[in-house]
1. Does B:Ser47 satisfy the condition of being more than 14 Å from chain A (Cβ to nearest Cβ) and of a type in the set (Ser, Thr, Tyr)?
2. Output the residue which, of all residues in the range A:98-116 that are more than 26 Å from B:Pro466 (Cβ to Cβ) and outside any loop (DSSP other than H, G, I, E, B), is farthest from the other protein chains (Cβ to nearest Cβ).
3. Exactly one of these conditions fails for B:Cys360: (1) under 20 Å from B:Asn294 (Cβ atoms); (2) under 37 Å from the mean Cα position of the chain (by Cα); (3) surrounded by fewer than 19 Cβ atoms within 10 Å (Cβ to Cβ). Give me its number.
4. Is there any pair with a first residue in the range C:271-287 that is more than 10 Å from chain B (Cβ to nearest Cβ) and a second that is of a type in the set (A, V, I, L, M) and outside any helix (DSSP H, G or I) whose Cβ atoms are under 6 Å apart and which are 6 or more apart or on different chains, and what are they?
5. If I filter the range A:117-150 down to residues being assigned to a helix (DSSP H, G or I) and of a type in the set (Phe, Trp, Tyr), which single residue comes out as nearest to the other protein chains (Cβ to nearest Cβ)?
6. Would you kindly identify the strands (runs of 3 or more DSSP E) lying entirely within the range B:1-77 that contain at least 2 residues that are farther than 17 Å from B:Ala123 by Cα?
7. Pick out the one residue from A:Ala168, A:Ala179, A:Ala94, A:Ala183 that is hydrophobic (A, V, I, L, M, F, W, C) and within 10 Å of another protein chain (Cβ to nearest Cβ).
8. Among what's in the range B:329-347 and is part of a loop (DSSP other than H, G, I, E, B) and touching a Pro at 6+ places or on another chain (Cβ under 6 Å), pick the residue that is surrounded by the fewest Cβ atoms within 10 Å (Cβ to Cβ).
Amino acid sequence: MNEDRPTVADLPTVADLPTVADDQTAARVDRPARRAPTGAAGSFQPRIVGFLCNWCSYAGADLAGTSRTPYAASVRVIRVMCSARIDPTFVLKALAEGADGVLICGCHPGDCHYSEGNYKTMRRYPLLKRMLADLGIEDARVRLEWVSASEGQRFADLVDDMTQRLRALGPSRIKTALATDHAER
Amino acid sequence: MDQPRIGVYVCACGTNIAKVVDCDAVVRAAEGLPGVAVATTYKYMCSTPGQEMIVADIEEKKLDRVVVASCSPRMHELTFRKAVKKASMNQYYLQMANIREHCSWVHGDGVEATQKAIGLVRAAVKRVAFHEPLESRMVAMCPNTLVLGGGIAGLTAALELADAGYQVYLVEKADHLGGNLARVDLTAPHLDSARDLLRERIHRVMGHPHVEPFLGAEVQSLEGYVGNFTATVAVPGGNGAGPAAAEGDDGPTDGGGATRSPRTLEVGSVIVATGYREFDASRITHFGYGKLPNVITSFEFERMVREGRIETVEGRQPQYVAILHCVGSRSQEFHAYCSRVCCMTALKYAHELKSAVPGCYVSDVYIDMHAFGKGCEDFYRRSSEVKTLFLMYGKNDYPVIRKAEPGDDCGMLIEVSEQLSGELIEIPADLVILMVGMEAREDSAEVARLVGISQDKDGWFIESHPKLDPVATTTEGVFIAGTCAAPKDIPDSVAQARAAAARILGKIARGSIEVDAVFAEIDEEACSGCRICNELCPYSAIEYKADEKRSRVISALCKACGACVAACPSGAIRARHFTDEQIFAEIVGVLA
Amino acid sequence: MGGRKLQIALYWGAGCGGCDVAVLDTNEFILDVAALADIRLWPIAVDGKYRDVEEMADGELDLTLFNGAVRNSENEHIARLLRRKSRLLVAFGSCAHMGGIPGLANLATKEEIYDRAYLHNPSIEPGNTTVPLAQTSVNGYSLELPRFYQRVFKLDDVVDVDYYLPGCPPAADQVRAVLEVIVSGVLPPKGSVVGAGDRGLCDECTRTKAEKKIKEFRRPWQIMADPEACLLEQGILCAGPATRSGCGARCPTSSIPCRGCYGPMPGVVDQGAKLLSAVTSVIDSKDPDEIDAILAGLPDFTGYAYRFSLPASLLQRSVRS
């Protein structure tokens, strides 16, 4: 096919065209260009693994995209259908693999696509945080937040806020600590 | 696992992705990943040539996995699933990396965005290697439908289905049909009689060979899944006058007041049309409802109109009538939403008052006049021409109603901080009509739990998609219609009811339904019967087999949320398409 | 293994000796073993010197049952030595398998442990600041003590392990069954967990299980537990759902909740995380404050969840500095 001469079939489907949620249009025009914190210029860019539920939080993160709301390039999102799927093992795994932070997002309580999935997350999280504290993991590294499908701005703000806190905290020592244990033996 | 042959397709999305993310760098990084046989970039992967490229590669280059790095999977996962299916690849061998909404559209720094895109692609490549071919299954579709609620929405849906020749069970909690509409006199904006709208429908429902109505009845339980529900309906004793009793009845016959055993109904679909309740005006103290006898609600005014006697509690015709909008709606303390029907209803009252009490002065005290429906703006214009005094008050700046002094020629005085003039205006009133808004019924949480659907923060039932699928719910086979989903007027309720019926007729026409291939499953060889999972499922999809001491997932009921999977301490429950291995691979991938 | 007698060694690393007693608990069977095998090393029961082992040819031993975790350089040294001399090395008991009780020391740093054990302990006379040193010089002689590692390791962190026999200690009948299998020469796949079931403990626990909803956690001494009903359903934290069977559910049968010594089920990566997920998921509340209040009934949950498996968990140790 000829790369230079697009055909009709080349055009994206209608659904693909960038869309802006109605209530976001004004905000997008009026909002002063905000610079998301970048990891450039030598500052430490933390690596955050985000576990987001498909129906609210992932959609909220998508909305941040369609509304062109900038935020730090620190977060890498893994989609699950419901925050209740997030086995605490996933959080430990991410930390052991070198994540500087883990952000868990689900629908607001009462708004769960699966009625009550987020309540299971709500029950697991405090004990997980206690366990992490016992294991010397700083409070700011793991966070649970409720983000609805309409809260693109909130998702962006959360990522930026967490990024700033992790930057203040510095890189996670877990992965290197586990490696040096063996080296120093 | 054999080394997979993965094709990686990086979409430029015109310039949407390419202007920030270096797509060629992403391709080069992908080429270096284990298992990647092909990696390429193209300007629109979702276009026909883009999809054809994937199809051709699968066939010619013998790919067995595909990663598309483009927009959100919520946008185009189905598109690309269809594409790989065309090449006879199992559709679940696809994984998407979201490098547009989650990357190029939100990150300005090209270097960082490209690094992130590479991380997301790496995660997708690692994950897709663990994907398994999944097949959806077909189950039979029972053509009967259960309709909850006998208001205008429920009646309409029932008739739509019954007229098509399919059995409908209509369950109404009250002892009569008609719902809230039966409490109304005329309807806005055309001033049609509500009675006329309902009478014909109720009559047809009661006599319809394919509708079995249950009055004063309640659904006790709903089990099963789309196409195959079993409902239990409690019909109170002494209701033998209802036509339900005339039909063949499984239970013992009505012994004149004796409680009958519940009816068990086999249905394939459910329409929830349980309606709304009116806002309790006494919750707002400023308006004196319950204390000032001539402050009444809109429904109390409807009753006056229907009885043909518009008068104050003292038995006098009112000289001055004030209509107060947004009672309980559009406020910080009560409901933030607009109840949608009150503005036009208020205008209708102005008309009714003018014709019933000629010479009476009507003031209409509103926040904003919402006249969005067909014919509504005309209706508003006509109303303003018949000498109604319109006063605009501010949100949360409530007018204050007080008793007039003996010397005044009116019963009450209303102080309004009028927005358009910017003045504090006092108006006389003998009768004040509070336009009470709609709110979710007190039993809505119970209904939601019963049929397995969700509610929003205001208690309204949540649709599958607010714009594209406003009829279905997240529980397949359960539909919503009318004001149980959100405030709406009669045409919208009727439209939603007919749409719900049409959706069901479509399913019935196909005869069988596809059950999603993504669900949880329990490895009974690994299950210890600890029963941690049993209570966790909101869909009752997990059954415990006491004789074998094992739990089992009824796959057709499972919605694949994964709550039980995360909780299973034996690691015996697998979430198809969201397995631990797949998610671990993603974790390692994004962090590598 | 021919007509030759089996050559076996038993050794304890960082352990309590309970595993050795578990071998003795096989009663008369140990005499059968002695008839079939030469016990070449067993510090708790048989006199012997490390030199005797060092002088063996590589692979001269048929089997080593290694119990105890790896806490210091001596543990590791002997583990490596025995690995070289043995055709089969079995991680015997929870400590060798997953780190065990000694592995809980990984919640503290080496410095904290020294401080508590040697400097600020009520039984230490004030002013005594003696701590163990790897090298000490006394009267011109250089003395050496094993080096205390920063943290506890499980056996397979330092050497290749053929089989794992879990338990604290392993149940005597399981020890016997495993020894019989090894004597028979028909061996399971390398890396197998032997002498244990593949399902959770609940499978062999005879208490009645119902749907679970927990409104309050209670310590075992706070209630007279119903002898028939599941302990967890009575609010007593029991690790049984997240622990392999094989012990015969002896603890819950005696109204003592399972502590998890047989380790996680096959395929489960982190026993503590799984126990956490399971017990919190069934908390009967949707209110964050009430959930906190309920969880307050689980003091030292981390210590309970990882009582035997911290060094085998994903995070392995506290990273507190």
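1. Numbers: more than 14 Å from chain A (Cβ to nearest Cβ): no; of a type in the set (Ser, Thr, Tyr): yes.
Judged against the criteria, B:Ser47 is not a match.
2. The first filter runs over the range A:98-116 and keeps only residues more than 26 Å from B:Pro466 (Cβ to Cβ), leaving A:98-102.
In the following step, the residues that additionally are outside any loop (DSSP other than H, G, I, E, B) were identified as A:101-102.
Values: A:Gly101: 11, A:Val102: 10 Å.
This residue is A:Gly101.
3. So B:Cys360 meets the others, but not (2).
4. If the second residue must be of a type in the set (A, V, I, L, M) and outside any helix (DSSP H, G or I), the pairs left are C:Ile283/C:Ile214.
5. So in the range A:117-150, the residues assigned to a helix (DSSP H, G or I) come out as A:117-134, A:139-141.
Next cut, of a type in the set (Phe, Trp, Tyr) only: A:119, A:125.
On the way: A:Tyr119: 5, A:Tyr125: 8 Å.
This residue is A:Tyr119.
6. On the way: elements: B:6-11, B:36-42, B:65-70.
Where strands (runs of 3 or more DSSP E) fall fully within the range B:1-77 and carry at least 2 residues being farther than 17 Å from B:Ala123 by Cα, they are B:36-42.
7. Details: A:Ala168 fails: within 10 Å of another protein chain (Cβ to nearest Cβ); A:Ala179 fails: within 10 Å of another protein chain (Cβ to nearest Cβ); A:Ala183 fails: within 10 Å of another protein chain (Cβ to nearest Cβ).
Result: A:Ala94 is the single residue among A:Ala168, A:Ala179, A:Ala94, A:Ala183 that is hydrophobic (A, V, I, L, M, F, W, C) and within 10 Å of another protein chain (Cβ to nearest Cβ).
8. Across the range B:329-347, the extreme among qualifying residues is B:Arg340.
The values are calculated or read from the model by the stated rules, or taken from the named source; none is laboratory data. Here the structure is a predicted model, which means the values were calculated and not measured. Don't worry about glycine lacking a Cβ; one is built from the backbone with ideal geometry, like all the others, and counts go over all protein chains shown.
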